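A quick write-up on the structure given underneath.
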Amino acid sequence: MVKKKKALFLDADYSVNDNKTYARLLVKGKKRTRLLFQYDPYFYADAVGKKDVVAELKVKKHGESISVKKVEVVTKIVDGKEKELLKIYCNKPADVVALRESVPFKCYEHRIHYGRRFMLDFGIRPFSIIHYEREGNIISKIRKVDEENNRIKLDKIAFDIEVYNPLGAPREKKDPAIMISYFGEKKGVITYKQAKKSFVHVCKNESEMITGFENKIAELDPDVIYGYNSGNFDLPYLKARADVLKIKLALGKGGKSFRMIRKGMISGAKIPGRIHLDLYPAVRFFGFIGMVKAQVFTLENIYAEITGKKKKMVQRLAIWEMWDKGDLEELAEYSLGDSEVTYELGEHIYPLLEELSKITRMPLFDTGLATSGQLVESLLMSESVPRNEIIPPRPSGGEAMERQKNPIEGAFVKLPDPGIYDNIAVFDFRGLYPSIIISYNIDPFRLLEKGKHGDSFESPTGARFMKKPKGLIPFTLESLLDLRAGIKKTLKEMSKGSEKYKKAYARSHALKILANSFYGYLGYARSRWYSRECAESVTAWGRMHILDAAKKAENAGFKVLYADTDSLFLLLGDKGKKHALAFLESINKNLPEKMELELENFYTRGVFVSKKQEEKGAKKKYAMLAEDGSIKIRGFELVRRDWSKIAKDTQYLVLEIILKEGDKDKAIKVVKETIKKLKEGKAALSDLIIYTQLTKHPKNYEIINPEVAAARKAVAKGVPLEKGSIVPYVIGRSGKSISDKAEYADYAKDYDPDYYINNQVLPAVMKILKELGCDEDELKNKGKQKSLNHFLE
DNA sequence: GCGAGCAGCGTACCT
DNA sequence: ACAGGTACGCTGCTCGCG
């Protein structure tokens, strides 16, 4: 019987039955389910003249005879030009690979995953509503696809496990999991030692606990499962325990546990039939794009950073002791707390991930693991299909290496004169690179060959871009920006805090993240749309516009204090704000429509310091006081995680005193106090921790810097540090070199006051004090020990 | 054998 | 594994000196 239905689309992969391929759709109507839809995989080949030969092609692979299902001649746009191609249909996705290898012609789109192919061809994106007719679990017809969904909500749950860890780091073959907590509509803790709490379910043993969790997931049947580092810790650990105990771990549909998948360098665990969202990689991504600033990426710290709330959480090192002591009530409480925090964090992040997923058409699970390159790639791929453009292939490894070896000239940064300044106006170009790409139609397939002119824009590099028609990249980028402009308007009329507002805000944010990634993607070595000429032209036009604005500012009587990429810092001098705004207007009159210089803010005072070794000013380092009393600080040690809190706090105080009071003696007094505290051994170790990320496994370093030395010592004690870990360490008293003295923070017993005075506090404040005229010659000519003595007099 | 000077590695920041 | 531009600490090497 045929039934007309509609459901929320979530993801697609495939299944093969009787040599026929079905798209297997994960959808949610009343309940979440999987449906099948027959659709043939295919690829393209540049072999129109050989249609008959190709149609008869037969290949043997692994003893199986593979043949072409059907061949059509189609017209596609290849590298910007129309071209006839063969569209070669296959029976199974694996046949695409086998047949393409035996087709001795140039092939296209043969490496696009089947699930993605299906979504692209049917114009379906995650969270689309699809209207369909079905017989059993087979879709016979897709009637239409809607974008709007206000009714179907996803059910979410967060979970967390605790493991027995007498050595600090648990050993998955030996150390049992001891507790599993979950939090969502329902909450609870499963364990196997007595704990008198209403939310605790006590089992007999570890096996029962794991099975109990499995049953709980089946019963609650969440669509989305949140975890924090669950893809690389909780789930693999539970699986390892299940294997040791010879039991199953079925968290997904059909008795499956999960499948480890790699998206580039990032790995994750895919639970079949659900959406497993590991918040850790998502948060790392937000950190990478500068949206989240954090010293360390622990759940506790990120929760505080993102929600602004503090919560007591499980101290990993103490877990096994609590378990041995039978302190289960407290452990259960903490464990549930961790799940709750994970849930709350998930709900904070979720709207943005959903919007990124919708816009880029990348399934939510993949979006949670994606890099900006993958997001932009996914978006451009889905825009290519309706434009009938062939999706360019990814470059080979060699090609990517070659691209990486030849970097593209970037932005202009003006050398500032060090000093303290009053009355500064800061302007910046709104979305400089995106607006350049759109204004000059910068696209790899709108690039004219050398010597050809036509109706084109000529970049400062000499490259020429056809004015019409709009290229894929400027077109897509412009739609993002137009969409965003529309949303920003509606946001103003919404009440903050409402669901609608949150959604729209997340959407606007997602659009911004994507728009800002386009230039990077053009110059990204592994990009499908890499173009040296395009990326070079973007930055060249960028330099041209900022230098032009700077020159006009000088002509208008302003002194240009500083400029970086798209920003311009002007000294107002004897001119008022009105003059500055008039200057702004005059600049904007002569810019292309999509480009605009904006007022960022006025500042009453600013500090620019000199470089450490030279007299020249330091770029990308300044502090300014806004009229509302807030301080904008960039580049200083105090914004860096690899400086100790004590040095950063002292530097902040000195900056604040200079900006707000200009009182040199007061600043010196603050520094002296800090030094005294350090000398007397009264500084708290927690204020002395330096955080540094490892970009390799600790064993892979040739030069043993302090963080590597500390990490190696910690690894020897069982701390699981690896590539990407952030190492907290303290410089202690024992040892010769600084590396010798570096100790992993958890194991630090003492500190070296000389190091913290001479290598942390003094370097952080000296350059600033120098701008106050603080014994310049003395500071410049004498060694660190001398200047120290000067302070302690 | 030892310290000074320096190159290069490595990290985190800015836009 | 998104771009380039930039500052700067630390190690480990070279070199000159004795």
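The values are calculated or read from the model by the stated rules, or taken from the named source; none is laboratory data. Just so we're clear, the structure is a prediction, and the values are computed from it rather than from any experiment. When we count neighbours, we look across all protein chains shown, and the Cβ atoms used for this are built from the backbone with ideal geometry, even at glycine.
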key: Residue check, A:Leu369 within 13 Å of DNA strand C (Cβ to nearest atom), modelled with pLDDT of 95 or more and over 29 Å from A:Thr539 (Cβ atoms)   = yes
query = Could you list, in sequence order, the residues of the range A:682-710 that are away from DNA strand C (no atom under 13 Å from the Cβ), of a type in the set (A, V, I, L, M, F, W, C) and assigned to a helix (DSSP H, G or I)?
reply = A:Leu685
task = Check whether at least one residue in the range A:590-601 is closer than 22 Å to A:Gly662 by Cβ, under 33 Å from the mean Cα position of the chain (by Cα), surrounded by 14 or more Cβ atoms within 10 Å (Cβ to Cβ) and at pLDDT 95 or above, and report yes or no.
result = yes
inquiry  = Being surrounded by 16 or more Cβ atoms within 10 Å (Cβ to Cβ) and part of a loop (DSSP other than H, G, I, E, B): is that true of A:Asp160 here?
reply    = no
message = Suppose we keep only residues that are acidic (Asp, Glu) and in a helix (DSSP H, G or I) within the range A:636-651. Which one would you say is nearest to DNA strand B (Cβ to nearest atom)?
response = A:Glu637
inquiry  = Any residue that is under 22 Å from A:Leu638 (Cβ atoms), among the aliphatic types (A, V, I, L, M) and free of Cβ contacts under 8 Å to residues at least 24 places away in the same chain - is there at least one of those in the range A:687-695?
reply    = no
query = Out of (1) out of contact with any Ser or Thr (no Cβ under 9 Å at 6 or more places or on another chain); (2) basic (Lys, Arg); (3) assigned to a helix (DSSP H, G or I), what's the single condition that is false for A:Arg262?
reply = (3)
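Has the range A:299-308 got at least one residue that is of a type in the set (Val, Ile, Thr), more than 16 Å from DNA strand C (Cβ to nearest atom), surrounded by 21 or more Cβ atoms within 10 Å (Cβ to Cβ) and part of a helix (DSSP H, G or I)? Outline the logic, then answer.
Within the range A:299-308, the subset of a type in the set (Val, Ile, Thr) is A:302, A:306-307.
Those still in the list that are more than 16 Å from DNA strand C (Cβ to nearest atom) too: A:302, A:306-307.
Within this subset, residues satisfying the condition of being surrounded by 21 or more Cβ atoms within 10 Å (Cβ to Cβ) are A:302.
Remaining after also requiring part of a helix (DSSP H, G or I): A:302.
Within the range A:299-308 (the criterion being of a type in the set (Val, Ile, Thr), more than 16 Å from DNA strand C (Cβ to nearest atom), surrounded by 21 or more Cβ atoms within 10 Å (Cβ to Cβ) and part of a helix (DSSP H, G or I)), the answer is yes, since at least one residue qualifies.
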note = So, first residue closer than 18 Å to A:Pro763 by Cβ and of a type in the set (Gly, Ala, Ser) in the range A:654-677, second residue modelled with pLDDT of 90 or more and surrounded by 16 or more Cβ atoms within 10 Å (Cβ to Cβ), Cβ within less than 8 Å, six or more apart or across chains; the pairs are A:Ala667/A:Leu653; A:Ala667/A:Val654; A:Ala667/A:Ile657; A:Ala667/A:Ile658; A:Ala667/A:Val765; A:Ala667/A:Ile768; A:Ala667/A:Leu769
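On the given criteria, is A:Thr476 β-branched (Val, Ile, Thr) and surrounded by fewer than 19 Cβ atoms within 10 Å (Cβ to Cβ)? Break it down stepwise before answering.
Working: β-branched (Val, Ile, Thr): yes; surrounded by fewer than 19 Cβ atoms within 10 Å (Cβ to Cβ): no.
No.
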query = Would a scan of the range A:618-635 turn up a residue that is within 16 Å of DNA strand B (Cβ to nearest atom), farther than 30 Å from A:Trp541 by Cα and at pLDDT below 95?
reply = no
request  = Residue by residue through the range A:388-410, note down the ones that are out of contact with any strand residue (DSSP E or B) (no Cβ under 7 Å at 6 or more places or on another chain) and either assigned to a loop (DSSP other than H, G, I, E, B) or among the β-branched types (Val, Ile, Thr) (or both).
outcome  = A:Ile391, A:Pro392, A:Pro393, A:Arg394, A:Pro395, A:Ser396, A:Asn406, A:Pro407, A:Ile408, A:Glu409, A:Gly410
query = Do we have any residue at all in the range A:669-683 that's within 27 Å of A:Ala745 (Cα to Cα), of a type in the set (Gly, Ala, Ser) and away from DNA strand B (no atom under 16 Å from the Cβ)?
reply = yes
ask   = Does at least one position in the range A:726-738 carry a residue that is within 23 Å of A:Ile266 (Cβ to Cβ) and buried (at least 16 other Cβ atoms within 10 Å of the Cβ)?
value = yes
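Yes/no per residue for (1) more than 30 Å from A:Leu448 (Cα to Cα); (2) of a type outside the set (Lys, Arg); (3) in a helix (DSSP H, G or I):
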residue: A:Ala525; (1), (2), (3): no, yes, no
residue: A:Arg528; (1), (2), (3): no, no, no
residue: A:Glu533; (1), (2), (3): no, yes, yes
residue: A:Trp541; (1), (2), (3): no, yes, yes
residue: A:Asp548; (1), (2), (3): no, yes, yes
residue: A:Gly557; (1), (2), (3): yes, yes, no
residue: A:Val560; (1), (2), (3): yes, yes, no
residue: A:Leu568; (1), (2), (3): yes, yes, no
residue: A:Gly573; (1), (2), (3): yes, yes, no
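Among the residues of the range A:331-350, is there at least one that is over 24 Å from the mean Cα position of the chain (by Cα), more than 16 Å from DNA strand B (Cβ to nearest atom) and surrounded by fewer than 20 Cβ atoms within 10 Å (Cβ to Cβ)? It would help to see each step written out before you state the result.
Step one: list which residues in the range A:331-350 are over 24 Å from the mean Cα position of the chain (by Cα), which gives A:331-337.
Those left that are additionally more than 16 Å from DNA strand B (Cβ to nearest atom): A:331-337.
Retained after the next criterion (residues that are surrounded by fewer than 20 Cβ atoms within 10 Å (Cβ to Cβ)): A:333, A:337.
Yes, some residue in the range A:331-350 is over 24 Å from the mean Cα position of the chain (by Cα), more than 16 Å from DNA strand B (Cβ to nearest atom) and surrounded by fewer than 20 Cβ atoms within 10 Å (Cβ to Cβ).
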ask   = Name the pairs: first residue in the range A:626-644 and within 9 Å of DNA strand C (Cβ to nearest atom), second residue hydrophobic (A, V, I, L, M, F, W, C), Cβ to Cβ under 6 Å, at least 6 apart or on different chains?
value = A:Glu637/A:Trp643; A:Glu637/A:Ala764; A:Asp642/A:Ile690
inquiry  = I'd like to know if the range A:671-678 contains one or more residues that are within 14 Å of DNA strand C (Cβ to nearest atom) and β-branched (Val, Ile, Thr).
reply    = no
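Yes/no matrix, rows are residues, columns are (1) touching a residue at least 40 places away in the same chain (Cβ under 8 Å); (2) of a type in the set (A, V, I, L, M); (3) under 30 Å from A:Ser586 (Cα atoms):
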| residue | (1), (2), (3) |
| --- | --- |
| A:Ser396 | no, no, no |
| A:Ile408 | yes, yes, no |
| A:Arg430 | yes, no, yes |
| A:Ser435 | yes, no, yes |
| A:His453 | no, no, no |
task = Could you pull out the residue among A:Glu614, A:Glu585 that is within 16 Å of DNA strand B (Cβ to nearest atom), loosely packed, with under 13 Cβ neighbours inside 10 Å, free of Cβ contacts under 8 Å to residues at least 24 places away in the same chain and of a type in the set (Asp, Glu)?
result = A:Glu614
inquiry  = Tell me whether the range A:607-617 contains one or more residues that are among the polar types (S, T, N, Q), in contact with a Leu (Cβ under 7 Å, 6 or more places away or on another chain), within 15 Å of DNA strand C (Cβ to nearest atom) and closer than 22 Å to A:Val765 by Cβ.
reply    = no
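Yes or no, residue by residue, for (1) within 16 Å of DNA strand B (Cβ to nearest atom); (2) surrounded by fewer than 21 Cβ atoms within 10 Å (Cβ to Cβ); (3) among the β-branched types (Val, Ile, Thr):
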residue	(1), (2), (3)
A:Lys263	no, yes, no
A:Ser267	no, yes, no
A:Val283	yes, no, yes
A:Met291	yes, yes, no
ask   = List pairs: first in the range A:346-358 and under 19 Å from A:Gly287 (Cβ atoms), second among the aromatic types (Phe, Trp, Tyr) and buried (at least 22 other Cβ atoms within 10 Å of the Cβ), Cβ under 6 Å, 6+ apart or cross-chain?
value = A:Gly346/A:Tyr226
